[in-house]
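Q: Quick one: this structure, given as structure tokens, is what I'll be asking you about.
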Amino acid sequence: MIYLFDLDNTLVDFMAMKQLAIDAAIVAMMDAGLELSKDQMKAHINSIYDAQGIEYQKVFDELLQQQLGYLDYRILSAGIISYRRAREAALKPYPHVTATIMSLVKSNIKLAIVSDAPAREAWLRLCHINFHHTFDVVVTYDDTKERKPSPVPFRTALEKLGIEPHEAIMVGDWVERDMVGAKNVGMHTAFAQYGDSFGNQNIVADYILSDISQLLQIVHNHNTL
């Protein structure tokens, strides 16, 4: 079997990293002179992300424009620097991810990423955790202009790998996008329950993973069939 992985909340704890980085930026901007409470800033930032998407790169610019009517670059720079420092400190793979991925690589199993993240952000995260040489194929939103559960990202990855859908397992944390999308294409599915940030999803998958290392047993089972 060939493994295709979602990136955020499957290989790395994206939501925890994002929250820590935002919290650090809020404190820095308050220290730099922005006269809003933590709760006010967090609510405003969340509303911007809700409108623009979680990967929006100018959230602090928009916050200041809406609150002050102009960009105060002292406050903006303080927020950006603190955000980046906290992000880099917090961005790391889930437990057992590195060991599991390396074991799959040593077994000569092809690996791919299928992510809704923009190409730049996906590659920055992969490089930060030193996975940028690990995957045979990486498909991001910028490569297809389609988001899961559209079949296009999945089929693009399968075509690049040169395999049929039934030869692949999609591993991801979002049932509607990762599991349903992959199943509709004809792939096997493994739900990354350890990265589920929703907590209330109706899980429909061939496998449910409480730990990513369980993939190794799945590999063993398929190899002994």
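Q: Which of the pairs K106/K148; K18/K92; K92/K183; K18/K38; K42/K145 have their Cα atoms more than 18 Å apart in this structure?
A: From the list (K106/K148; K18/K92; K92/K183; K18/K38; K42/K145), the Cα-Cα distance tops 18 Å for K106/K148; K92/K183; K42/K145.
Q: Now for a different question. Just round it to a whole percent: the fraction of Cα-Cα distances in the stretch 104-225 exceeding 23 Å. Mind showing how you got there, number by number?
A: Working: 2107 of 7381 pairs.
Percentage above 23 Å: 29.
Q: Multiplying the sequence separation of D61 and S103 by 0.36 nm and subtracting their Cα-Cα distance, what value in nm do you get?
A: Here the segment from D61 to S103 would lengthen by 10.8 nm.
Q: Tell me which residues come under 5 Å, amide H to amide H, from F5 once H is placed; ignore anything under 5 positions away on its chain.
A: Sorted by chain and number, the residues that satisfy this are A112, I113, V114, V171.
Q: Something else about it: Quick check: with the 1.4 Å probe, what order do E35, E159 take by accessible area, largest first?
A: Largest to smallest exposure gives the sequence E35, E159.
Q: Any idea how far the Cα center of the stretch 83-134 sits from the one of the stretch 153-225, in Å?
A: Spelled out, the Cα-based centre of one part sits 17 Å from the other.
Q: Let me ask something additional. Relative contact order for the stretch 89-225: what percent, with Cα pairs under 8 Å and sequence separation of 6 or more? All intermediate terms of the calculation are to be shown ahead of the outcome.
A: On the way: 193 pairs, mean separation 27.3, N = 137.
Computed over the stretch 89-225, the figure is 20 percent.
Q: Checking the a/c ratio against 1.5 first, then a/b against b/c, what shape does the Cα gyration tensor give for the stretch 183-225? Numbers along the way, then the final one.
A: Numbers: a/c = 3.29, a/b = 1.43, b/c = 2.30.
Oblate.
Q: How high is the relative contact order of the stretch 1-101? Use alpha-carbon pairs under 8 Å, at least six apart in sequence, and give a whole percent.
A: It comes to 44 percent, rounded to a whole number.
Q: Continuing with this model, one more query. Per residue, how big is the convex hull of the stretch 87-126 when only Cα atoms are used? Give it in Å³.
A: Spelled out: Cα convex hull of the stretch 87-126, divided by residues, is 86 Å³.
Q: Let me ask you something else. Each residue of the stretch 92-108 in order: what ³J(HN,Hα) in whole Hz does its phi give by Karplus 6.51 cos²θ - 1.76 cosθ + 1.60, θ = phi - 60°, with x for Gly and Pro?
A: For the stretch 92-108, the Karplus curve yields 8, x, 4, x, 6, 5, 4, 4, 5, 4, 5, 5, 5, 4, 5, 8, 6 Hz.
Q: Return, ordered by residue number, the residues of the stretch 65-103 whose backbone nitrogen is under 20 Å from a label point located 7 Å along Cα→Cβ of H133.
A: 93, 97-103
Q: For the full complex of protein chains and a 1.4 angstrom probe, list D31, D206, D178, D72 by accessible area with the highest value first.
A: Ranking D31, D206, D178, D72 by accessible area, largest first, yields D31, D206, D72, D178.
Q: For the stretch 116-171, would you read off the P(r) tail past 17 Å as a percentage of all alpha carbon pairs?
A: 40 percent
Q: Next up: Which one, L71, L126, I81, is farthest towards the positive end of the dipole of the stretch 59-133 when Lys and Arg carry +1 and Asp and Glu -1 on their Cβ?
A: Most positive-ward Cα: L126.
Q: 5 Å is the cut-off here: which amide hydrogens, built 1.01 Å from N in the peptide plane, fall below it relative to T189, excluding neighbours closer than 5 in sequence?
A: M170, D206, Y207
Q: Whole-Hz Karplus ³J(HN,Hα) for the stretch 195-204, in order, using 6.51 cos²θ - 1.76 cosθ + 1.60 and θ = phi - 60°, x for Gly and Pro?
A: Once θ is set to phi - 60°, the couplings for the stretch 195-204 become x, 5, 8, 8, x, 9, 7, 7, 6, 10 Hz.
Q: So, one more: Using a Gaussian network model on the chain with a 10 Å cutoff between Cα atoms, which of K58, K110, K183 fluctuates the most?
A: Answer for the Gaussian network model of the chain: K58.
Q: Continuing with the same structure: In the chain, what percentage of the DSSP-assigned beta bridges are antiparallel, given to the nearest 5?
A: 5 percent
Q: Angle, helix 73-90 long axis vs. longest principal axis of the chain, Cα atoms, 0 to 90°, nearest 10?
A: Helix 73-90 sits roughly 30 degrees off the main axis of the chain.
The values are calculated or read from the model by the stated rules, or taken from the named source; none is laboratory data. Given the structure is predicted, the values throughout are model-derived calculations rather than measurements. A quick note on method: Cβ atoms are made from the backbone with ideal geometry, for glycine too, and the neighbour counts reach across all protein chains shown. Ligands, DNA and RNA are excluded from the accessible area calculation, which covers all protein heavy atoms including side chains. Shrake-Rupley method; radii C 1.70, N 1.55, O 1.52, S 1.80 Å.
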